[in-house]
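Comments concern the structure below.
The values are calculated or read from the model by the stated rules, or taken from the named source; none is laboratory data. This is a predicted model, so every value here is computed, not measured. Quick reminder, even Gly has a Cβ in these numbers, built from the backbone with ideal geometry, and neighbours come from all protein chains shown. Accessible surface areas use protein heavy atoms only, side chains included; no ligands, DNA or RNA. Shrake-Rupley method; radii C 1.70, N 1.55, O 1.52, S 1.80 Å.
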Amino acid sequence: MRHLVKTGAAGAGLALSIMGAALAQQPQGAPPAAAAAPATPAKPSTPPQPDWTTWGYDQERTAWNRGETTLNKDNVSKLKLLWSTQTTTPVSDVALATLTTPLVAMDVRTPSGRKNLVYVLDAFDTLFALDADSGKIVWHKNFPNTLKPLRAGTWLCPNTANATPVIDKQRGLVFVLTSDGRLRAVSAGDGSQRMAATDFVAPFSRSWSLNLIDDVVYTTSGRGCASLLNPRSPISAASTVTSGGRGGAPVTQAEPGSVSAVDVSDLKHPTVTHFFTSGGRTAGPWGRGGVAKTPKGIVVQTADGPNDPAMGDFGESLLELTPKATRLMDSFTPSTWPDMNQHDLDFGSASPLVFPFQGRMIVAASSKQAIIYLLDAAALGGKSPDHSTPLYTSPLLANENKQGVEPGQGVWGAMATYETPDGRRFLYVPIWGPPASSAPVFKNSAGPIPNGSIMAFEVTMNGANPTLVPQWTSPNMTVADPPSVANGVVYALQSGEQTLQIRPRPPGSPPAPGRGGAGAPPGGGRGPADAPPAQGGRGGNPNDFNAFRATPVSNLILYAFDAETGKQLYSSDKIITNWTHFSEPVVALGKVFVVTHDAHVYAFGLGK
């Protein structure tokens, strides 16, 4: 199996370990040695901090800023737009995520004194640092990519930077993954280089938010977008399939799905390892939060694709890997995975979060399938031989017609969690599309939710296991991005984006090529499992395909809700006229930061 590849700073292969069947290292049905619940409740790995230094706030991806002290339920209704700044980034129909989710660091030493800074990476490899109080650009640093992709970009595979960076506050660094596939470390204060560019993933890979855990930087790569330009690279060595060859397209190796890690404890000698979730583009993780930390390692969700661990294929699963992503420790695969695969319900469309509850560490996961699974981090799949028994399975919440796309429904992104001062635990779920007829009745509702919503649940105990009790739903959203929480307030974005991927055809027209449904090939009918997304999208003119997907149906709206009751406390309404794609609201230092497709950064706060 293709699982551990170790490389040095320049990306030269130092060692290649071809491992046996990963699941065979742990007998099927036998829980790990650490299966017993701890005697005392586990706690988050990092103390509360007021900054927002990584996607989802912390290593566990809870999206709960436990260190925010200014904004609360009593004053959030007074939010107003403090500033907006347009970066110099060109806007493109191909790059839907023009700017990454903001990161925030307080009291950063800069050449002009100590400042609170906001960082965003644009699609074209420029890192911006903005003054959090004024919006002024303090510095920016571009990292030119001289490589040429093998395929023209589309919105599915734009050949651009995509991963939200991560801040190392202790060392004053920002780690950045650029479109050439290299990881860089720069000074948080002035952008100067602190670590040489290190080959991390393949060039033009669709990689996702960085996470920094114990001096190791992680990312995930999915969708098979990369150009494998170096046939001797470790990633090329792990690829077992080729793609292309039709319509004059070149035959190339297919990028395998992967989790990649760089040990940056010694900036002069970073070491890279990879865990491959397949030998081609199937089963690639593309949840926007990337990996989340568990007590033993990291967890990640994988997308449509074959599920045959003995062959190194881990489709439709949640995997727990050892630190540095060197081997598989545990896994969970929904028993419905063949149906999910058939209908393009991508378990990899979302990323997991981890939180303590009643003496256990709980891993929460969902996807386009719109079912929530609560798992015990000590034994993800329970005691079943096929690793498919969760602690709790919710009813179907949405996506009753099993729509993989056209339009997108279910969970695309990530959930958030919060614990009240008196110990009540909540889970907040961003849903695309209307609720299913089997969805539970919520205690509080703001009316019909045909396009999308935030669904809020309280986590309680039902006998020995946790369960979810429905609490409230938000107003209708087109559509809901992942929420965040601070001081008893849930912040949520209506993204305004188009959830259809192909322009609707006139009645009587033949179906678009390459679409899925019953009888479609594995992977939701997207064509051969090893094929990258077609240059023209999924049939038709690529420019029309991109322009349609980049045309919004509404505007971005920032909402604030009471975390326990769902009462609406604030709405930005029409203040922002543009839209966003695959982002989240960032709450830090008494402000809420959001970005839009037209390359603007906005800050909301109380003002004076």
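Before moving on, here are some points about what is shown:
- Pairing residues of the stretch 335-351 that are under 17 Å from Ala365 (Cβ atoms) with residues that are open to solvent by less than 10 Å² (accessible area, probe 1.4 Å) and among the aliphatic types (A, V, I, L, M), at Cβ distances under 6 Å and at least 6 apart in sequence or on separate chains, gives Asp346/Ala303; Gly348/Ala303; Ala350/Val411; Ala350/Ala414; Ser351/Ala414.
- Within the stretch 71-81, one or more residues are of a type in the set (Lys, Arg), modelled with pLDDT of 95 or more and either assigned to a strand (DSSP E or B) or farther than 25 Å from Gly413 by Cβ (or both).
- Ala197 part of a loop (DSSP other than H, G, I, E, B) and either at pLDDT below 95 or in contact with a Ser or Thr (Cβ under 9 Å, 6 or more places away or on another chain) (or both): no
- Filter result for Ala414 (of a type in the set (A, V, I, L, M), modelled with pLDDT of 95 or more and farther than 24 Å from Arg61 by Cα): no
- Any chance Asn399 is open to solvent by less than 20 Å² (accessible area, probe 1.4 Å) and more than 18 Å from the chain's Cα centre (by Cα): yes
- Index of the failed condition, Met461 passing every other in (1) open to solvent by 20 Å² or more (accessible area, probe 1.4 Å); (2) outside any strand (DSSP E or B): (2)
To keep it simple, each residue is scored yes or no on (1) more than 25 Å from Val594 (Cα to Cα); (2) in contact with a Pro (Cβ under 6 Å, 6 or more places away or on another chain); (3) assigned to a strand (DSSP E or B).
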site: Ile431; (1), (2), (3): no, no, yes
site: Ala439; (1), (2), (3): yes, no, no
site: Pro450; (1), (2), (3): no, yes, no
site: Gln471; (1), (2), (3): yes, no, yes
site: Val490; (1), (2), (3): no, yes, yes
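- Top-ranked residue of the stretch 108-156 - restricted to ones that are hydrophobic (A, V, I, L, M, F, W, C), open to solvent by less than 50 Å² (accessible area, probe 1.4 Å) and modelled with pLDDT under 95, ranked as nearest to Ser205 (Cα to Cα): Leu156
- When the residues of the stretch 568-583 are filtered to those that are touching a residue at least 24 places away in the same chain (Cβ under 8 Å) and of a type outside the set (S, T, N, Q), the one that is most open to solvent (accessible area, probe 1.4 Å) is Ile575.
- Screening Leu321, Leu345, Leu328 for residues that are aliphatic (A, V, I, L, M) and out of contact with any Ser or Thr (no Cβ under 9 Å at 6 or more places or on another chain) leaves exactly one candidate, Leu321.
- Looking only at the stretch 348-363, and only at residues there that are of a type in the set (A, V, I, L, M, F, W, C) and under 19 Å from Gly463 (Cα atoms), the one that is surrounded by the fewest Cβ atoms within 10 Å (Cβ to Cβ): Phe357
- Hits in the stretch 48-96 (condition: under 18 Å from Val118 (Cα atoms), among the small types (Gly, Ala, Ser) and surrounded by fewer than 22 Cβ atoms within 10 Å (Cβ to Cβ)): Gly67, Ser84
- Filtered residue count, the stretch 421-437, keeping only those that are over 17 Å from Pro466 (Cα atoms) and under 27 Å from the mean Cα position of the chain (by Cα): 7
- Considering only residues in the stretch 550-567 that are outside any strand (DSSP E or B) and crowded, with 21+ Cβ neighbours inside 10 Å, the one that is nearest to the chain's Cα centre (by Cα) turns out to be Leu556.
- Residue in the stretch 234-241 that is assigned to a strand (DSSP E or B) and of a type outside the set (D, E, K, R) present: no
- Some residue of the stretch 346-353 being in a loop (DSSP other than H, G, I, E, B) and not acidic (Asp, Glu): yes
- Flag for Ala377 being in contact with an Asp or Glu (Cβ under 8 Å, 6 or more places away or on another chain) and open to solvent by less than 30 Å² (accessible area, probe 1.4 Å): yes
- Pair list, Cβ < 8 Å and 6+ apart or interchain, from the stretch 123-138 residues that are among the basic types (Lys, Arg) to residues that are not in a loop (DSSP other than H, G, I, E, B): Lys136/Thr85; Lys136/Leu130
- Taking the stretch 413-423 as the range and being open to solvent by less than 30 Å² (accessible area, probe 1.4 Å) and either among the small types (Gly, Ala, Ser) or in contact with a Gly (Cβ under 9 Å, 6 or more places away or on another chain) (or both) as the test, the residues that pass are Gly413, Ala414, Ala416, Tyr418, Thr420.
- Residue-level check: of (1) within 19 Å of Thr219 (Cα to Cα); (2) touching a Lys or Arg at 6+ places or on another chain (Cβ under 7 Å), Val138 misses just (1).
- Taking every residue in the stretch 491-505 that is without any contact (Cβ under 8 Å) to a residue 60 or more places away in the chain and closer than 17 Å to Val405 by Cα and pairing it with any residue that is of a type in the set (S, T, N, Q) and surrounded by fewer than 20 Cβ atoms within 10 Å (Cβ to Cβ), at least 6 positions away or on another chain, the pairs with Cβ-Cβ distances below 8 Å are Gln498/Thr551.
- Taken as a whole, the condition of being of a type outside the set (Val, Ile, Thr), assigned to a helix (DSSP H, G or I) and surrounded by fewer than 23 Cβ atoms within 10 Å (Cβ to Cβ) does not apply to Pro385.
- So Ile454, is it assigned to a loop (DSSP other than H, G, I, E, B), crowded, with 21+ Cβ neighbours inside 10 Å and touching a Pro at 6+ places or on another chain (Cβ under 8 Å): no
- Ala310 passes every criterion in (1) assigned to a loop (DSSP other than H, G, I, E, B); (2) open to solvent by 40 Å² or more (accessible area, probe 1.4 Å) apart from (1).
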